[in-house]
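Read the structure below first, then the notes.
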Amino acid sequence: MSLHGVLESLPTLRGVPASPPSPTAQHARVLVLADSDTRWKWGALIARQLAPGAELHGRLLRGRATPTVRQLREVGVDPASLDEVTTARFLHELGPGSGPRPDVVVLSLVGGAVQAVLHGLGRVWHGQEQRPVVVTGYVGVVYEKLTDGLLLRAGADLVLANGAHDAQRFRAVYAGVGLDPDAVVETSLPFLGGQPYAPGDDRPFTVTFAVQPSVPGDPRDRMYLLRRAADHARRHPDRDVLVKLRSKPGEHTTHLEESPYQKLVRRLADRPDNLRLVYGNMGDVLDRTDLMVTVSSTAALESMHRGVPTAVLADLGVREALGNHHFLGSGCLTSWDRLDQGHVPRADPDWLARHGVTPGTDPFAAARERVRLVAGTRPAPALRTYYTPAVAGGYLPGLLARYGLDPTGGPLRDQPATTAPADPGPVRRAVRGGARWAYRSGVQRVAPLIRRVGEL
């Protein structure tokens, strides 16, 4: 369904706040730009932490991973408005004379998109006395492309780090290229919360295997993990074994999923009755989980925060490509063999503290203070990205062009800078929907077939 259909089916998302802003926030506005369901969840919850009670508005950057109705509902955040935009349209909305501006802009995007928007905002806000505060960061575990991702986010007023461990690494990267390391602000993942773990006497012991769209990527490795989950269910018929899925077939999340577990499960010759596939909000699933199992999902941090026993699988190795190396020292690296034998991992308290999983009383206090200081600076500081045409002339123009911008941060000549009609019409919706279907079919059907042919 197109976003127009989303807005029709979710009327509270357009024009009417779910609840009035608190008196302390008065007329404060926060605008979140996101490019997937997970990043929308992170950005919206970060906005709530940085400006409690402010009026929240959402924009979804048009692309392959634009959330569906189900994905938006699963997040459970109701903004005052929500719309699908291109980069050029978003920049036009924040330019001079385009209506009320937000006080804070949260860029919850992939690194390249953050860089493009920062260049565009630097252009439309050039020379202005006052502008919104720009915030960005990472949705979860940062296990690859550390330098690449950080330099693409450089230029925002705040780059949020999910704990002391990440803050130290981020500042070292910025200091190493002469950027201000104070732009990095230590916080915590905004969706850590929920009730502390307590075994349930009124339900079976529940094992939740939290799958990931792209880790591991090889279909054979994914099938191995699924078979081991099924074996665990057979060995422990008194347990419920849940395979927590991220998306339904045809949907996309932050990462591509070429071999969905919904399809792989059909290959199981003897699927045990106590093995079930489940969707839904991760917090709701954790409410009934006694053992969380994953390769490197952020769900591991959510479960550790609650005190749920958490297993990070080493069956496929402990490798940077899998992201489970992030959990070195946590005490949670283990295997299906050990879990089958009854092993229950216990997370190391010092590791949890360093990684922001057991944060202090208010892990967002420093970020709110930084927002206040930047907002009060006159004239407003310029957005200074690390990458400029002079620094990265062979890299930056192509990156900006992918998001419809020229090297100055302005829209390319064939990109409209103004807003499109609210309703794109049935023909445009059909074409857009068909293009997304073709893209997703290529990822989930054609690409795996080509690989199999290539292996013959």
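Okay, residues lined up against (1) of a type in the set (A, V, I, L, M, F, W, C); (2) more than 27 Å from ASP37 (Cα to Cα):
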{"residue": "ASP103", "(1), (2)": "no, no"}
{"residue": "VAL106", "(1), (2)": "yes, no"}
{"residue": "VAL110", "(1), (2)": "yes, no"}
{"residue": "ALA113", "(1), (2)": "yes, no"}
{"residue": "GLY120", "(1), (2)": "no, no"}
{"residue": "ARG123", "(1), (2)": "no, yes"}
{"residue": "GLY127", "(1), (2)": "no, yes"}
{"residue": "ARG131", "(1), (2)": "no, yes"}
- Query: Among the residues of the range 393-410, is any charged (D, E, K, R), more than 20 Å from VAL134 (Cβ to Cβ) and part of a helix (DSSP H, G or I)?
  - Reply: yes
- Item | Pair list, Cβ under 6 Å, 6 or more apart: the range 264-283 residue under 12 Å from MET223 (Cβ atoms) and surrounded by fewer than 16 Cβ atoms within 10 Å (Cβ to Cβ), other residue among the small types (Gly, Ala, Ser) and modelled with pLDDT of 95 or more | LEU268/ALA230
- Task: List every residue pair whose Cβ atoms lie under 6 Å apart, where the two residues are 6 or more positions apart in sequence or sit on different chains, the first residue falls within the range 122-143 and is touching a residue at least 40 places away in the same chain (Cβ under 8 Å) and over 15 Å from ALA156 (Cα atoms), and the second residue, located anywhere, is among the aromatic types (Phe, Trp, Tyr) and surrounded by 23 or more Cβ atoms within 10 Å (Cβ to Cβ).
- Result: VAL139/TRP42
- Give me the pairs, please: first residue somewhere in the range 58-87 and more than 13 Å from ASP37 (Cβ to Cβ), second residue anywhere and open to solvent by less than 20 Å² (accessible area, probe 1.4 Å) and of a type in the set (D, E, K, R), beta-carbon distance under 9 Å, and either six or more positions apart or on two chains. ARG59/GLU84; ARG62/GLU84
- Which one of ALA353, ALA367, ALA321, ALA300 is in a helix (DSSP H, G or I), at pLDDT below 95 and at negative phi? ALA353
- Message: Residues that are under 30 Å from VAL134 (Cα atoms), open to solvent by less than 10 Å² (accessible area, probe 1.4 Å) and modelled with pLDDT under 95: does the range 168-176 have at least one?
- Response: no
- Task: From the list PRO213, PRO196, pick out the single residue that is in a loop (DSSP other than H, G, I, E, B), open to solvent by 60 Å² or more (accessible area, probe 1.4 Å) and touching a Lys or Arg at 6+ places or on another chain (Cβ under 7 Å).
- Result: PRO196
- Item | Residue under evaluation VAL139, criteria (1) in contact with a strand residue (DSSP E or B) (Cβ under 8 Å, 6 or more places away or on another chain); (2) open to solvent by less than 10 Å² (accessible area, probe 1.4 Å), criterion not met | (2)
- Query: Quick check: anything in the range 155-167 in contact (Cβ under 8 Å) with a residue 40 or more places away in the chain, of a type in the set (Asp, Glu), in a loop (DSSP other than H, G, I, E, B) and open to solvent by 30 Å² or more (accessible area, probe 1.4 Å)?
  - Reply: no
- Message: Cβ-Cβ distance below 7 Å, separation of 6 or more or different chains: which pairs start in the range 332-360 with a residue that is closer than 23 Å to PHE205 by Cβ and end on one that is of a type in the set (Lys, Arg)?
- Response: TRP336/ARG228; ASP340/ARG235
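For the range 219-254, which positions are at pLDDT below 90 and crowded, with 16+ Cβ neighbours inside 10 Å?
As a first pass, look at the range 219-254 and keep what is at pLDDT below 90: 246-254.
Listed by number, the residues that qualify are ARG246, SER247, GLU251, HIS252, THR253, THR254.
The values are calculated or read from the model by the stated rules, or taken from the named source; none is laboratory data. Every value quoted in this text rests on a predicted model; they were computed, and no experiment measured them. Here the Cβ is made from the backbone with ideal geometry for all residues, glycine too, and neighbour counts use every protein chain on show. When the accessible area is computed, the model is the full protein with side chains, heavy atoms only, and any ligands, DNA or RNA have been set aside. Shrake-Rupley method; radii C 1.70, N 1.55, O 1.52, S 1.80 Å.
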